[in-house]
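Got a structure here, written out as C-alpha cells. Questions coming.
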Amino acid sequence: VDLDPYGSPVAFLDSVVQTLADGGLLMCTATDMAVLSGGNEGVCFSKYSSYPLKGKYCHEMALRILLACLESHANRHKRYIVPILSVQMDFYIRVFVRIFTSASAMKCSTLKLSYVYQCVGCDSFHMQSLGRVVSKNNSVMYAPGFGPIVPQECGDCGKKFSMGGPIWSAPIHDQDWLPSVISNISAMKDRYPAYERISALLTSVSEELLDVPLFVNAHSLCSTLKCTSPTMAMFRSALIHAGYRVSGSHIKIHPVKAHAASQPGTIILSENQILEANFAQPVDHLSKSRVKKLPRFLPNPERYWGPKSKAGRQLVEVIVNLSELLSHLLCELCVALLHGVALLGERSGLEEGDDLFLPIDAVAFFLEVHEWVARLAVPDVGEAVPVFTPKPKWLQITSAKPAFHKVTIICIEKDL
C-alpha cells in the first residue's frame, strides 16, 4: 500500500495497518514538516501522540515520530512494524515498513520507543527507553523503564532539559536490504532518470550507524563552545581516535552520529581538557562515498523547489511592471483631462453648485484613474495629480439617467 496524502497521513493509518497482509509493505509519506519539526508542538501531539523538539536533528526526529505513530496504530491490532527504509528529502519524509502479526512480538514495542531529553543551553541530548526487559525463572517479562536518566540541570552547561517524544529509537533502515537495492539500481541505471539522486540518497543511508538515534552538529557544538570549527575530516578523526564509531547522516551535510554513552562532541571540544584530542587523520576517517567521490547532496531539480498548492485550489500569479503601469496611467490621465476640459466647457462659465451631465464612460474613467493613483501612492508626476485628491471633492454624483450621470460641481480647480 502506498499512502501519500497531502499533509498528515494519520487519518488513514488505522485502516492501512488492517488492510495489509502479514509481511505486507507499507509506503507512507508525510508532508506536514512544520508540525513534525516542532513548529506547533500541540498539533503534533494531537495527531502523532508525540512531542517534537526544535533541535538540529528535527528532521530525523520527524521520521522517528512517524514510525512511532505507525507502531502505535499497528499495536492496537496485535501487529508491529519493521522499518526497511526511512528518508527525509526535499520537503517531506517517506518511510517503507513491513507489517507483521504477532501478539508476543508486539510486547517488545516499548523497547523500541524512547523519550528524548534535550538541553536548552547546548546540543546535549539523552535517550530514555520507554520499557525494559525483566528475566525471571527462565521467563521474559516487559516492565516500564527506569528514569529519569538525567539530573535537573545539564552537566555541560547547567541549563534545564526539554522533554520530547516518545519516538522510534530502534533502527530505521534494514542494513541487509540496502546493498542489494543499490546493486540492482546500478545494474539498471538507464531505466531511472533520477539515478544520480536515488544513488546518492541510498549511499548516504547505507553508511549511517543504525543503533545511534539522532545526531549532533559539529558547527553548532563549536558555536556553543565559542571555538573555531574544525573540518569534518578532523572532527571525525578525533572521534575515531577516541574510540567512537562515527558516521554521517543523509539528512544534512554536517551532522555526526557517534556511538557513545556520553556526548563525544562536547568531550572532544571541551576547554577543560577532559580528553586530549588526536586530529591525525586515520585511514578510515572518510566514508566510502567520499572515497569514491560519489555525490551525496544534489541541488534541487528546479528553482523555487518545494510543496505545490493543494489539489483543487488554483492560484493566479499577477506580475505588474510598475514603470509600465505608471507610463500607461499618465497617458490615459492626460487624455481624460482633455476630455474633461472639453465637457466642462469654459472655466468662466461654471460656478459652484451648477449641475451638468457627463457620459457614464467619462465619469467611470475619472473614478478609475483616481482609484489607481490613491492605491499606488503615486508621487508628484505632473500638474494633473493634485486634481485627484485622496477623496475626489471636485465632483459629486447625485443621480443617474440611462446614458448619463448628473454631476454637481463642488469647487473649481485653478489648475484645471
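The values are calculated or read from the model by the stated rules, or taken from the named source; none is laboratory data. It should be emphasised that the depicted structure is a prediction, and the values quoted were computed from it without experimental measurement. Cβ: placed from backbone, ideal geometry, glycine included. Neighbour counts: every protein chain shown. Keep in mind that these areas ignore ligands, DNA and RNA; they rest on the heavy atoms of the full protein, side chains included. Shrake-Rupley method; radii C 1.70, N 1.55, O 1.52, S 1.80 Å.
Report yes if Pro166 is assigned by the TED database to the domain that holds Ile65, in contact (Cβ under 8 Å) with a residue 12 or more places away in the chain and not in a strand (DSSP E or B), otherwise no.
Spelling it out, it is not the case that Pro166 is assigned by the TED database to the domain that holds Ile65, in contact (Cβ under 8 Å) with a residue 12 or more places away in the chain and not in a strand (DSSP E or B).
Any residue at all in region 77-87 that is closer than 28 Å to Lys257 by Cβ, surrounded by fewer than 18 Cβ atoms within 10 Å (Cβ to Cβ) and assigned by the TED database to the domain that holds Pro166?
Looking for residues that are closer than 28 Å to Lys257 by Cβ, surrounded by fewer than 18 Cβ atoms within 10 Å (Cβ to Cβ) and assigned by the TED database to the domain that holds Pro166, one finds at least one in region 77-87, hence yes.
Continuing with the same structure: Just to be sure I understand, how many residues within region 50-71 are open to solvent by 10 Å² or more (accessible area, probe 1.4 Å) and in contact (Cβ under 8 Å) with a residue 24 or more places away in the chain?
Selection size over region 50-71: 6.
Of all residues in region 7-36 being assigned to a loop (DSSP other than H, G, I, E, B) and within 14 Å of the chain's Cα centre (by Cα), which is modelled with the lowest pLDDT?
Restricting to residues being assigned to a loop (DSSP other than H, G, I, E, B) and within 14 Å of the chain's Cα centre (by Cα), the top hit is Gly7.
Turning to a different aspect of this structure: Residues in region 90-107 that are out of contact with any Ser or Thr (no Cβ under 9 Å at 6 or more places or on another chain) and open to solvent by less than 40 Å² (accessible area, probe 1.4 Å): how many?
Looking only at that region, the number is 3.
Consider Ile240 carefully, then state whether it is modelled with pLDDT of 65 or more, open to solvent by less than 60 Å² (accessible area, probe 1.4 Å) and of a type in the set (A, V, I, L, M).
Spelling it out, Ile240 is indeed modelled with pLDDT of 65 or more, open to solvent by less than 60 Å² (accessible area, probe 1.4 Å) and of a type in the set (A, V, I, L, M).
Next up: Picking from Leu53, Leu111, which residue would you name as being assigned to a loop (DSSP other than H, G, I, E, B) and modelled with pLDDT of 90 or more?
Going through Leu53, Leu111 in turn, the sole match is Leu53.
Out of everything in region 127-141 that is open to solvent by 60 Å² or more (accessible area, probe 1.4 Å) and at pLDDT 90 or above, what residue ends up being farthest from Val212 (Cα to Cα)?
Looking at the filtered set, the residue picked out is Val133.
Do you know which of the residues in region 10-34 that are over 18 Å from Tyr80 (Cα atoms) and in contact with a Ser or Thr (Cβ under 7 Å, 6 or more places away or on another chain) is most open to solvent (accessible area, probe 1.4 Å)?
Looking at residues that are over 18 Å from Tyr80 (Cα atoms) and in contact with a Ser or Thr (Cβ under 7 Å, 6 or more places away or on another chain), I get Asp32.
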